[in-house]
Amino acid sequence: WDISYDFIQERDRVKRKICQEDGADDSSKAFTLAMHSSLIENEILGTQIEGLRETTSTERRQVFAPISDCNHRNLFSYRPKRPNVINEPSSPYSISPVSSKSQKLLYSSRKVVRKTISKVPYKVLDAPNLQDDFYLNLLDWSSENVLSVGLGACVYLWSAQTCKVSQLCDLSNDTINDTVTSVSWSERGNHLAVGTRSGCVQIWDVSAHKKLNVLEGHSSRVGALAWKGDQLSSGSRDKRILQRDIRAQHSQELGGYLTGRGHRQEVCSLKWSPDFRYLASGGNDNKLFVWSDSRRNPVHNF
């Protein structure tokens, strides 16, 4: 016979605590504790648990739980002796320090806990003059936790840390009375590219609230922007994609409508691959092209 020691008050406190826990984080903690407890029981007590479902079985409750009557609780609980885990047959080629049952327990699939998304927004910001055009990209979040929004002819910044709103630029002060059609943050979050309806792309230093450069080359609005270090790719309604270095005026055109190698309608979206080797472009012509940085023609098209 084996004797199991159990502190009743401590067990009741832990049980109440587990019953009060809910949510994804509490479920993850409970899973980790159950896994740890099952591994210890396998290696020390030889319970041979292969899955966490067995930890809630009637047999296990009979082993560790006392009599249900509160007036007859005992300090000791007894159970028949189980085979020793040391005598369990295992493969002679196994180099694992744990038993085969514990190995199955470790490899058992974990139940995925879905986190519920709150139906109440965390923050509501007023956005007057936000253009109702799904071809435009008027929102972008920086690595410094700052949200940029293009509203009409202005670009506003909202800091998620301080909850302060500031105006970066107002294109209505320019002679051409332009409007914002796209915004995109650089990787480090210090520069913001602003695409305009006239086809120009403005580069702003956010910390200094200063316009660093104006990139020309498009003949129509710029609705898509994508950064690659100090290089900026821009897609326009003129069906072209330009890749330029913001430190110089040199530009490189990818594809081209006249040669039949690029989009035949407005370029709506641009995105670099994580390794910055390929650029994906989507157009209003229902085409998706994948470009290589070293080639002017697309390497894939869908």
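The values are calculated or read from the model by the stated rules, or taken from the named source; none is laboratory data. Nothing here was measured: the structure is a model prediction, and the numbers come from that model. Neighbour counts run over all protein chains shown; Cβ positions are idealised from the backbone, glycine included. In case anyone asks, the SASA skips ligands and DNA or RNA and just uses the protein heavy atoms, side chains included. Shrake-Rupley method; radii C 1.70, N 1.55, O 1.52, S 1.80 Å.
The residue that is least open to solvent (accessible area, probe 1.4 Å), counting only those in segment 172-196 that are over 16 Å from Tyr156 (Cα atoms) and free of Cβ contacts under 8 Å to residues at least 40 places away in the same chain, is Asp174. Within segment 266-302, the set of residues being out of contact with any Ser or Thr (no Cβ under 9 Å at 6 or more places or on another chain), open to solvent by 80 Å² or more (accessible area, probe 1.4 Å) and within 23 Å of Gly199 (Cα to Cα) comprises Asn286, Arg296. When segment 129-146 is filtered for residues that are open to solvent by less than 80 Å² (accessible area, probe 1.4 Å) and under 22 Å from Asp178 (Cβ atoms), the ones remaining, listed by number, are Gln131, Asp133, Tyr135, Leu136, Asn137, Leu138, Asp140.
Just to be sure, is Gly199 over 20 Å from Leu279 (Cα atoms) and buried (at least 17 other Cβ atoms within 10 Å of the Cβ)?
Judged against the criteria, Gly199 is a match.
When Gly235, Gly262 are checked against the criterion of being at pLDDT 90 or above, small (Gly, Ala, Ser) and crowded, with 17+ Cβ neighbours inside 10 Å, a single residue qualifies: Gly235. Report the residue count in segment 147-159 for those that are open to solvent by 20 Å² or more (accessible area, probe 1.4 Å) and within 20 Å of the chain's Cα centre (by Cα). Summing the residues that are open to solvent by 20 Å² or more (accessible area, probe 1.4 Å) and within 20 Å of the chain's Cα centre (by Cα) in segment 147-159 gives 2. I'd like to check something: does segment 95-116 contain any residue that is part of a loop (DSSP other than H, G, I, E, B), of a type in the set (A, V, I, L, M), open to solvent by 100 Å² or more (accessible area, probe 1.4 Å) and at pLDDT 85 or above? Within segment 95-116, not a single residue is part of a loop (DSSP other than H, G, I, E, B), of a type in the set (A, V, I, L, M), open to solvent by 100 Å² or more (accessible area, probe 1.4 Å) and at pLDDT 85 or above.
Being touching an Asp or Glu at 6+ places or on another chain (Cβ under 8 Å), over 15 Å from Cys200 (Cα atoms) and modelled with pLDDT of 90 or more is a property that holds for Leu279. For segment 287-302, the criterion of being closer than 11 Å to Lys239 by Cα and in contact with a strand residue (DSSP E or B) (Cβ under 8 Å, 6 or more places away or on another chain) is met by no residue.
In segment 124-143, the residues that are at pLDDT below 90 reach residues that are open to solvent by less than 50 Å² (accessible area, probe 1.4 Å) and assigned to a loop (DSSP other than H, G, I, E, B) with C-beta atoms within less than 6 angstrom, at least six apart or across chains, in these pairs: Asn129/Gly152.
Scanning segment 276-302 for residues being of a type outside the set (Ser, Thr, Tyr) and not in a strand (DSSP E or B) gives a total of 11.
Can you report the number of residues in segment 141-175 which are under 19 Å from Ala226 (Cβ atoms) and either among the β-branched types (Val, Ile, Thr) or not in a loop (DSSP other than H, G, I, E, B) (or both)? I'd like the intermediate steps shown before the answer.
To start, the set of residues in segment 141-175 that are under 19 Å from Ala226 (Cβ atoms) comprises 141-144, 146-150, 155.
After this cut, where a residue has to be either among the β-branched types (Val, Ile, Thr) or not in a loop (DSSP other than H, G, I, E, B) (or both) as well, the list is 141, 146-150, 155.
Residues that pass the stated criteria total 7.
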